[in-house]
Structure formats: C-alpha cells, structure tokens
Amino acid sequence: MPDVDVKKTLANYAAAVERHLETCLEGRDIAPRLAEAMRYSLLAGGKRLRPVLCMVWAEIAGTPAQAVVPFAAGIECIHTYSLIHDDLPAMDNDDLRRGKPTSHKVFGEATAILAGDALLTEAFSLMLGVTEVPAERVLQATAVLAYGAGPSGMVGGQQVDMELTGRAGVDLRDLQRMHSLKTGALITASCLAGCILGGGGEQDMQNAMEYGKHLGMAFQIADDILDVVGDQQELGKPVGSDQDQGKNTYPSLVGLEQSRIMAVQCAVQANRALQGYRGPQVDFLGHLAAYVVERTN
C-alpha cells in the first residue's frame, strides 16, 4: 500500500465540509443567541472524520466527493449535537470540548440543549438538500443515518453507557455492545451512506459497513486509552474523566496493553473490508485505520 499523509488528506476532504458548515446558517431567520450557540460548537474544530468517511466511500462507489458535501455536513451536525448533549451536567458534565468551554458553560443548559436539537434537525435538511445524486439514493442514505443516530444506534448507546456507568460486573461483551452503538453506529452509517450515495452495489455496502464497524471499535478503544495516557492540551478535553465518572472502559476492563492489541486487531479487520479495491481513496482508508489507533488526539 503506497504511503499516504493521512492528516493532510483528511484535512483536504474536511475543508470542503468546513466551507459548507460556515455558510449553511447564513441568512436564516434564527434567534441570534441560538445561531451563535449552534455555530460555536459546529465550527469549534475537529477531524470531521465521519463526513470524510461518507465522501471517500462515495468516491469509491463512483461519485465525486463534492456531490455529497451537503450530506456530509449534515453528518457533522449530528455528531456535534451529540457532543453538546453528551457534555451536559445530566450526562457526562464536562467543562471542555475541542479545547474550548463546553456549550452549556458558555450559553447555559437550556440554550445548549436547544442548540443540539437544532443541529440534529438541521442535519436532515442538509442531507435532503443534496441535488447532484439521484433522489432515491439520498432518501436511502438519509434513512441509514437516521437509524444509526437514533434509539437503535448512537442514542441507544448513550443510554446503555449511562446504565453501565459505575456498575460492577460489566464484561467485555457488554462494553463492545455499548460502543458498537454509541460510537460505531454513526461511523458505520457514515460509510454506508456514502457508499449508497455513490451508487455502490450490495457487496460494496457490506464492505462499507464492515469497514465502519471495525474502524469505529478501533476509534473507541483508542479514545479510552487516550483518556488514561493522553495530554489534555492536545486532546482538547479533560484526561482521566472516565475513571472519575466510574465509566467502564477497555483499559479498566482488560488493561492498557491488551487494549492496544485489541485496537490494532480492529484496524486490521477494517482493512480486510478493503480487499479487492484499488485507488488513492482505498489507500487513504487503509492508512486511516492505523492512524485512528496511533493518534494522540
């Protein structure tokens, strides 16, 4: 596999999403404070991993990434809403996100909740506004995202996370199920939606789901490890908060070394889903799986 500058490639794809996010709320009749809170979290930085996965899988399936940028921007709106709500006092009660005070610290809990609600609903407006892809693909991809973000996906995972917090006797199967929903479902949906938008066939969709599932697990294990050994300034959020809150994590369950081994195994499994594909996008996804495991933020 040719060498790929993962950070540079990720940033190049993300730039198109960033430009769309910067303008999607302009000229709208939105209460000023609500608009400010939405933009505050939406434009606070981040890798834009999920929208980039959507764009890259669309390209692998045969459609230019630019054609699905509005859809990809909608995915980032969903992800950002989830972070705003996850940080609330009733959830994880975090003070920092992406190196900045969390939304409820700046705007108060009520506006933070509404900003999250607004971003979630705005996401589907952006997705359904895609015009350069056949409408039936847009509808199918939007349904995939709704499922992945909802009670059978990310939101369901958040509920399981709260139920497992502080609980003794949690085993690896419980943890994997929780993270396959909380983290993995939206990552998998982003890959699958991109493949659908791009016009991929049944086997392509299966491969996209397999890649997303294992990449999501690798990402979460790495996140758990960074909460133990990471640098707060580089991470942009508190280190050690999982232990402080009584979270069940991979390091707390199997130790740091075994967690690292598991993350690498997940990255290898993600790359198996890419066998049979060729091209720079595939090379990028292959290196991305390793980057997700080795990242420091």
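Under the condition of being of a type outside the set (Asp, Glu), outside any strand (DSSP E or B), in contact (Cβ under 8 Å) with a residue 60 or more places away in the chain and over 23 Å from Arg28 (Cα atoms), the residues counted in the stretch 94-133 number 3. Just to be sure, is Leu128 surrounded by fewer than 19 Cβ atoms within 10 Å (Cβ to Cβ), among the aliphatic types (A, V, I, L, M) and under 21 Å from Arg19 (Cα atoms)? The answer is yes for Leu128. Per the conditions (1) among the basic types (Lys, Arg); (2) under 20 Å from Gly129 (Cβ atoms); (3) in contact (Cβ under 8 Å) with a residue 24 or more places away in the chain, the sole criterion not satisfied by Arg39 is (3).
Residue check: is His104 crowded, with 21+ Cβ neighbours inside 10 Å, more than 18 Å from the chain's Cα centre (by Cα) and farther than 23 Å from Ala208 by Cβ? Answer is yes for this residue. For the residues Thr111, Thr121, Thr165, Thr131, the requirement of being within 18 Å of the chain's Cα centre (by Cα) and of a type in the set (Ser, Thr, Tyr) singles out Thr121. The C-beta contact set for the stretch 237-261 (first residue at positive phi, second residue among the β-branched types (Val, Ile, Thr), distance under 9 angstrom, 6+ apart or interchain) comprises Gly240/Val228; Gly246/Thr165.
One residue stands out in the stretch 87-101 among those that are more than 18 Å from Asn297 (Cα to Cα) and in contact with a helix residue (DSSP H, G or I) (Cβ under 7 Å, 6 or more places away or on another chain): the one that is surrounded by the fewest Cβ atoms within 10 Å (Cβ to Cβ), namely Pro89.
For the stretch 4-26, filtered to residues that are in contact (Cβ under 8 Å) with a residue 40 or more places away in the chain and farther than 21 Å from Leu126 by Cβ, the residue that is surrounded by the fewest Cβ atoms within 10 Å (Cβ to Cβ) is Lys7. Just one residue in the set Ala218, Ala168 is over 27 Å from Val133 (Cβ atoms) and surrounded by fewer than 22 Cβ atoms within 10 Å (Cβ to Cβ); that residue is Ala168.
Conditions (1) at pLDDT 95 or above; (2) of a type in the set (Phe, Trp, Tyr), marked per residue:
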position: Gly45; (1), (2): no, no
position: Leu49; (1), (2): yes, no
position: Cys54; (1), (2): yes, no
position: Trp57; (1), (2): yes, yes
position: Tyr81; (1), (2): yes, yes
position: Asp87; (1), (2): yes, no
position: Asp92; (1), (2): no, no
position: Lys105; (1), (2): yes, no
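Residue count for the stretch 27-50 under the criterion of being surrounded by 16 or more Cβ atoms within 10 Å (Cβ to Cβ), closer than 18 Å to Phe107 by Cα and of a type in the set (Lys, Arg): the result is 1. Only a single item in (1) crowded, with 19+ Cβ neighbours inside 10 Å; (2) touching a Phe, Trp or Tyr at 6+ places or on another chain (Cβ under 9 Å) is not met by Gly148, and it is number (2).
When the criteria are applied in full, Leu288 fails the requirement of being outside any helix (DSSP H, G or I) and in contact (Cβ under 8 Å) with a residue 12 or more places away in the chain. Name the residues in the stretch 104-113 that are of a type outside the set (Asp, Glu) and out of contact with any Phe, Trp or Tyr (no Cβ under 9 Å at 6 or more places or on another chain), would you? Residues satisfying the conditions are His104, Lys105, Gly108, Ala110, Thr111, Ala112, Ile113. The residues on offer are Gln265, Gln258, Gln269, and the sole one that is at pLDDT 95 or above and touching a His at 6+ places or on another chain (Cβ under 7 Å) is Gln269. Annotation: of all residues in the stretch 256-275 being over 14 Å from Trp57 (Cα atoms) and of a type in the set (Gly, Ala, Ser), the one that is surrounded by the fewest Cβ atoms within 10 Å (Cβ to Cβ) is Ser259.
The values are calculated or read from the model by the stated rules, or taken from the named source; none is laboratory data. Given the structure is predicted, the values throughout are model-derived calculations rather than measurements. Counting neighbours? That spans all protein chains shown, and the Cβs are built from the backbone with ideal geometry, glycine included.
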